Amino acid sequence: MKDKEEIREFIRKNYSEVAAKGSEEGCCSGSCCCNGATMDIEETSLKIGYTDEDISNVPPEANMGLGCGNPIAMASLKEGEVVLDLGSGGGFDCFLARDKVGAKGYVIGVDMTPDMIKLARKNAVKSGCTNIEFRLGEIEHLPVANDSVDVIISNCVINLSQDKEQVFKDAFRVLKPGGRLSISDVVATAPIPQDIKEDLALIASCIGGAEYIEDIREMLQNAGFKDIRLTPKDNSKEIIRSWAPDKNIEDFVASYMIEAVKEKKPKNKGCCC
């Protein structure tokens, strides 16, 4: 197996190239396993769960067709909430979240790729939003204060991490008591062939690094989360199949919606004298 830092650097370089292309060319799939082909970004966004209204309500450069679902659709965001996006890319989900939480809310995007942060900040300036910011950092070690976030969203990013358990532990740290996770990600539903697990391109394409779904559940439990719900996306096979048609990857991985809650601390009832 390749060194974790080698994998991380390959992923960072891959998404730097995606950021440089922006929304002008697009990739052949939401996973950016391009193989020299291009895709229709709007069509891809609709396929993974966004609406025409979603697409028209964000800066065009923010939507690069990335993702495997729509975490905003299940997050039930409320006005005034603080939202954190893990692996925010060009900011697509952050801008959608900002529309939901309104002027009284706040949205933070974290990404490990400097070029993505630069692009997202440029998009934020164009949007005129002042309650949205993008921070450079790794999702395993979030540049976010303890107990400060109401909702964490993420779209097809945690599978890229080389330490997923640490991602969930740090997510738990930054969530307020009563806060919640609403994540779309690719998970393994069967043993992934070793040649796929060791292919850097397929790891960076959200396939090779997918974790077995029940291991994800255990990681969430170990981090302290409750009310864990793991739900396969209805059109998962359709989404996944086009990413690497010659690999039959839909037999090994699937797009899932992952939800969990950080329980509120019990109130101190005090002394009954």
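The values are calculated or read from the model by the stated rules, or taken from the named source; none is laboratory data. None of the values given here were measured: they were computed from a predicted structure. Here the Cβ is made from the backbone with ideal geometry for all residues, glycine too, and neighbour counts use every protein chain on show.
Could you grab me the full set of residues in region 163-172 that are in contact with an Asp or Glu (Cβ under 8 Å, 6 or more places away or on another chain) and either surrounded by fewer than 24 Cβ atoms within 10 Å (Cβ to Cβ) or farther than 21 Å from Ala204 by Cβ (or both)? Steps first, please.
At the first step, the residues of region 163-172 found to be in contact with an Asp or Glu (Cβ under 8 Å, 6 or more places away or on another chain) are 163-164, 166-167, 170.
Those that are in contact with an Asp or Glu (Cβ under 8 Å, 6 or more places away or on another chain) and either surrounded by fewer than 24 Cβ atoms within 10 Å (Cβ to Cβ) or farther than 21 Å from Ala204 by Cβ (or both): Asp163, Lys164, Gln166, Asp170.
Please work out which one of (1) more than 17 Å from the chain's Cα centre (by Cα); (2) of a type outside the set (Ser, Thr, Tyr); (3) modelled with pLDDT under 95; (4) closer than 23 Å to Val261 by Cα is the condition Cys129 fails and give its number.
(4)
Working carefully through the options Lys126, Lys118, Lys104, Lys100, find the one that is charged (D, E, K, R), in a helix (DSSP H, G or I) and over 17 Å from Ile55 (Cβ atoms). Reasoning before the result, please.
Details: Lys126 fails: over 17 Å from Ile55 (Cβ atoms); Lys104 fails: in a helix (DSSP H, G or I); Lys100 fails: over 17 Å from Ile55 (Cβ atoms).
It is Lys118.
Can you find a residue that is surrounded by fewer than 21 Cβ atoms within 10 Å (Cβ to Cβ), touching a strand residue (DSSP E or B) at 6+ places or on another chain (Cβ under 9 Å) and either part of a helix (DSSP H, G or I) or modelled with pLDDT under 95 (or both) anywhere in region 31-38?
To start, the set of residues in region 31-38 that are surrounded by fewer than 21 Cβ atoms within 10 Å (Cβ to Cβ) comprises 34-38.
Narrowing further to those that are touching a strand residue (DSSP E or B) at 6+ places or on another chain (Cβ under 9 Å): none.
Within region 31-38, none of the residues are surrounded by fewer than 21 Cβ atoms within 10 Å (Cβ to Cβ), touching a strand residue (DSSP E or B) at 6+ places or on another chain (Cβ under 9 Å) and either part of a helix (DSSP H, G or I) or modelled with pLDDT under 95 (or both).
Being within 20 Å of Ala20 (Cα to Cα) and crowded, with 24+ Cβ neighbours inside 10 Å is the filter here, so list the residues in region 57-85 that pass it.
Looking only at region 57-85, we keep the residues that are within 20 Å of Ala20 (Cα to Cα), and these are 58-67.
Within region 57-85, Ala62, Asn63, Met64, Gly65, Leu66, Gly67 meet the criteria.
I'm trying to understand the selection: among the residues of region 141-187, which are hydrophobic (A, V, I, L, M, F, W, C), over 23 Å from Lys4 (Cα atoms) and under 10 Å from the mean Cα position of the chain (by Cα)? Spell out how you get there, then give the answer.
In the first step, residues of region 141-187 are kept if they are hydrophobic (A, V, I, L, M, F, W, C); the result is 142, 144-145, 149, 151-153, 156-158, 160, 167-168, 171-172, 174-175, 181, 183, 186-187.
Checking the rest, the ones that are also over 23 Å from Lys4 (Cα atoms) come to 144-145, 149, 151-153, 172, 174-175, 181, 183.
Answer for region 141-187, where residues must be hydrophobic (A, V, I, L, M, F, W, C), over 23 Å from Lys4 (Cα atoms) and under 10 Å from the mean Cα position of the chain (by Cα): Ile152, Ile153, Ile183.
Is region 77-93 home to any residue that is more than 13 Å from the chain's Cα centre (by Cα), assigned to a loop (DSSP other than H, G, I, E, B) and under 30 Å from Glu9 (Cα atoms)?
Initially, region 77-93 is screened for residues more than 13 Å from the chain's Cα centre (by Cα), giving 77-82.
Then keep just the ones that are assigned to a loop (DSSP other than H, G, I, E, B); that gives 77-81.
Adding the requirement that they be under 30 Å from Glu9 (Cα atoms) leaves none.
No.
Scan the helices (runs of 4 or more DSSP H) fully inside region 184-273 and keep the ones with 1 or more residues being aliphatic (A, V, I, L, M), touching a Gly at 6+ places or on another chain (Cβ under 6 Å) and in contact (Cβ under 8 Å) with a residue 60 or more places away in the chain.
Qualifying helices (runs of 4 or more DSSP H): 200-204.
Of the residues in region 91-126, how many are hydroxyl-bearing (Ser, Thr, Tyr) and surrounded by fewer than 18 Cβ atoms within 10 Å (Cβ to Cβ)? If you could, list the steps in order and put the result at the bottom.
Our first condition is that a residue be hydroxyl-bearing (Ser, Thr, Tyr); within region 91-126, this holds for 106, 113.
Okay, now just the ones that are also surrounded by fewer than 18 Cβ atoms within 10 Å (Cβ to Cβ), so none.
Summing the residues that are hydroxyl-bearing (Ser, Thr, Tyr) and surrounded by fewer than 18 Cβ atoms within 10 Å (Cβ to Cβ) in region 91-126 gives 0.
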